[in-house]
Every structure is written in C-alpha cells, then in structure tokens.
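Worksheet for the structure shown next.
The values are calculated or read from the model by the stated rules, or taken from the named source; none is laboratory data. Only a predicted model underlies this, so the values are computations on that prediction, with no experimental measurement involved. With ideal geometry, Cβ positions are generated from the backbone for all residues, glycine too; neighbour counts draw on all protein chains shown.
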Amino acid sequence: MEAKLLTLAIHTYEKANILKNLLESNNIEVYMEKIDNDDPDTPALTGYAVKINDSDLSRALSIMHAEQLFNYNDKDILKIDDNRRRILVAVDFSSYSMKACQVAFNIAKQINAKVKILHVFHNIYFPSHIPFADNLKDSPDEGLLSKVRKQILELCCDIDDKIANKEWPSVNYSYSLREGVVEEEIENFVLEYKPSLLVLGTKGKDNNQTSVLGNVTADVIEMVDVPVLAVPESSSVKSISDMKRIAFLTNFQKRDLESFNTLVATSNHFQNVEITLMHINRINRQDDKWSEEQLGEMKKHFDRLYPQMNIKYKLIDSPDIPSAVSEYVEKENITVICLNTRRRNLLGRIFMPSISRKVLTNSEKAILVLRG
C-alpha cells in the first residue's frame, strides 16, 4: 500500500528546515512543499508544509514534544522568526473548539499573524506497587497519547480540507500536544510562545460543565497575561469583521482606560464598529456609583481622543452585574463583551469570583478580556 503523506506543520522556510533536520536526524523521511501565498500585499510570507509518512506520525510528535521546538524564550528562534504576531488557540476536539480555530484563522489572516493549535491532555499514571498497575496505566507511547495524536491529526486534516475548499483562509499554522493540568499547561505555553491573543472555545451559557475547556476557560482568563477571546459555539463572531457592536464594561479606573486604548488600537482592523462604554451602578452599594453627567464627560473625553470612533455610553442601575450585562447585550444585539481583568491567584479565584468569570457563565456572546 502506498504511504500517505501528512502535513505536520506549516512554517517559514528557516523554521521548516529546523524541523526537517531534526526529524531526518531521527531517521524520519521528510518532504517540504512550498505553499504559495495568494496575498499580493505580503509576497514574502510564503509558507512551507513539512510532510511525513503517516506511519511516522506518532514518533515525529514524540520527538517534537521532547525537543520543545520553537520556544520563543530562545533568542535564536526570535532571530529566524518572521516577526509576525502569534495567536494561540487551545482545543479539546469539541465542535466549539473547531469554532475557536475558525475564529483564530480568520483573525490571523486579517492581522497577518500565525496560529498555534494547542491540546493539553491529562495522562493517569498508577504507582507500580498498586496491583495490576501495568494493565491500568496509559504509557506515554500508547493508550491516551495515541488517541490524542489521532485526534489532533483529524482536526488538522479537517482544517486543511476547509482551507483547500476556500472556507477558511490559508495561514501559517502548527500544533503542539502537552501533558498536564489544562489551565496550568496553557499558562506555561503562553509564557513560552508569547502570543498576542489566546482564543478559547466554549459551549455557551449553562453548558460549560461538560467541556474540559468550558470548565477551565474562566481560570485561564484569570491566570494568563495576554488578551483572551472566549467564543461560545452559538456566537455570531467568526472574524474581526463580525465584531460590529462592542460593549466595553468599565469602572473607569486607570487600567480600564489603558485597556480601552488597546481596544481602539485593535479596532483599526474593524469596519463600522460601535463601542458602548457600559457601567453598572450596583444599587446596593454607594462607593462605585456614577452619574449620567460623569459618564457623558467620559464619552466626550474619548470623542476628543478618538474622533474616528463611534462611541456611545450606557449607565444601568442593578444589584446584579452579570444579569444586567446579559440583558443589555441581548436587547442591543451586542456581538462582543469587552472587559479588563487582572491576574488572580488561586484563593482569589475561589473566594472572590471575578466579573469576567460571572459574565462568561451567563452569556452566549463572545468575550474579549484585556489586560490593563
């Protein structure tokens, strides 16, 4: 039977050669295929597909995992990199993971970025003194690892089909498997890969209990130091161009204003976007209440700074912020809820749930979390 070639990754020429040399040094036959870039504005960004025989896939992934290729803490990697921004998308092979990949690919095309697909699996090891442990455990080369390798391959084959059929844009992408606790490994990978955006898929309101990513999305948002876009499966957002109406939830603290500047800078890629500055006066508290006059003055301030932007404001009195946000965004057909949050430790996440966590579990809208 004729061997089937599988695409292992798509890289720049320099990085593709590094991967090719590594695999060939381990007696794995490698083929490189030039992928012509169809964008006339960026002719230099042609990618190279690194292909191997399907029978070598398991061993190739093991080698790549052991070598931890292309860690951006490595100065040599930075030297050969093409200086494009990087988007990380974490997947658990659910349908909403595919939605997250679609969003990541579309954004990458629009902002000229590359994509890394990450899957974290948890392997269970049983101590050898437990009876029948050898029959129970999954070894690194069999069982669970073999299963996730097959799943990541199937996901990438689906992506390649969508690219070939022009359903998705062709962008530079690769993938990685990590073993460990999902939220901790995502945090570690963010530190290594240094993405400008992390994309996560969620099933949506009241349905996160059944999904690995759904369970950890709120934790990841509060652990990493990069912007996070959480996209429910039912969200209308598939690309930047779908982000037409944004509700920016704010207390008008300094870090919120810094995040707003980041949002406006990002909005240069948007067309006809409308941003609503939204503040919830909690009726059972007096210390954070704003008046219509104060919010109006803030809007005038932003109008002076950003005359090109369509900025509105909304002041709501409510005892429950998540419910008030959810009701407003549904009524006004908001496509993205944007807010600022700070990195939080474990005790803070357990005993003082953040607004982002509450909004995430109470909404079917895409949520963009920025760092002030």
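Quick one: which of Val182, Val171, Val212 is at pLDDT 85 or above and closer than 30 Å to Pro322 by Cβ?
On the way: Val171 fails: closer than 30 Å to Pro322 by Cβ; Val212 fails: at pLDDT 85 or above.
None of the other options fit; the residue is Val182.
For the range 158-192, name all the residues that are touching a strand residue (DSSP E or B) at 6+ places or on another chain (Cβ under 8 Å), under 20 Å from Lys99 (Cβ atoms) and assigned to a helix (DSSP H, G or I).
Ile159, Asp160, Val182, Ile186
Starting from the range 173-189, keep only residues that are under 15 Å from Leu144 (Cα atoms), then list their pairs with residues that are aromatic (Phe, Trp, Tyr) and crowded, with 18+ Cβ neighbours inside 10 Å whose Cβ atoms are within a distance under 7 Å, requiring at least 6 positions of separation or different chains.
As it stands, the answer is Leu177/Phe121; Arg178/Phe189; Glu179/Phe121, since those pairs meet every condition given.
When the residues of the range 259-276 are narrowed to those that are among the aliphatic types (A, V, I, L, M) and either in a strand (DSSP E or B) or crowded, with 18+ Cβ neighbours inside 10 Å (or both), which ends up modelled with the highest pLDDT? Reasoning before the result, please.
Residues of the range 259-276 among the aliphatic types (A, V, I, L, M): 263-265, 273, 275.
Retained after the next criterion (residues that are either in a strand (DSSP E or B) or crowded, with 18+ Cβ neighbours inside 10 Å (or both)): 263-264, 273, 275.
On the way: Leu263: 73, Val264: 71, Val273: 83, Ile275: 87.
So, considering only residues that are among the aliphatic types (A, V, I, L, M) and either in a strand (DSSP E or B) or crowded, with 18+ Cβ neighbours inside 10 Å (or both), the one modelled with the highest pLDDT is Ile275.
Of everything in the range 12-27 that's in contact with a strand residue (DSSP E or B) (Cβ under 6 Å, 6 or more places away or on another chain), surrounded by 13 or more Cβ atoms within 10 Å (Cβ to Cβ) and free of Cβ contacts under 8 Å to residues at least 40 places away in the same chain, which residue is farthest from Asn112 (Cα to Cα)?
Taking the range 12-27 as the starting set, the residues that turn out to be in contact with a strand residue (DSSP E or B) (Cβ under 6 Å, 6 or more places away or on another chain) are 13, 16, 19-20, 23-24.
From what's left, surrounded by 13 or more Cβ atoms within 10 Å (Cβ to Cβ): 13, 16, 19-20, 23.
Adding the requirement that they be free of Cβ contacts under 8 Å to residues at least 40 places away in the same chain leaves 13, 16, 20.
Details: Tyr13: 17, Ala16: 19, Lys20: 25 Å.
My answer is Lys20.
Looking at the range 138-168, which of its residues are modelled with pLDDT of 85 or more and of a type in the set (S, T, N, Q)?
Correct list: Gln151, Asn165.
Only helices (runs of 4 or more DSSP H) wholly contained in the range 318-372 count here; list those with 3 or more residues that are at pLDDT 60 or above. So that I can check it myself, show each step before the final result.
Details: elements: 321-331, 346-351, 355-360.
Those helices (runs of 4 or more DSSP H) span 321-331, 355-360.
Has the range 277-293 got any residue that is outside any loop (DSSP other than H, G, I, E, B), surrounded by fewer than 14 Cβ atoms within 10 Å (Cβ to Cβ) and at pLDDT below 80?
Quick first cut of the range 277-293, residues outside any loop (DSSP other than H, G, I, E, B) only: 277-281, 292-293.
Next, only the ones that are surrounded by fewer than 14 Cβ atoms within 10 Å (Cβ to Cβ) stay: 292-293.
Checking which are at pLDDT below 80 leaves us with 292-293.
Within the range 277-293, one or more residues are outside any loop (DSSP other than H, G, I, E, B), surrounded by fewer than 14 Cβ atoms within 10 Å (Cβ to Cβ) and at pLDDT below 80.
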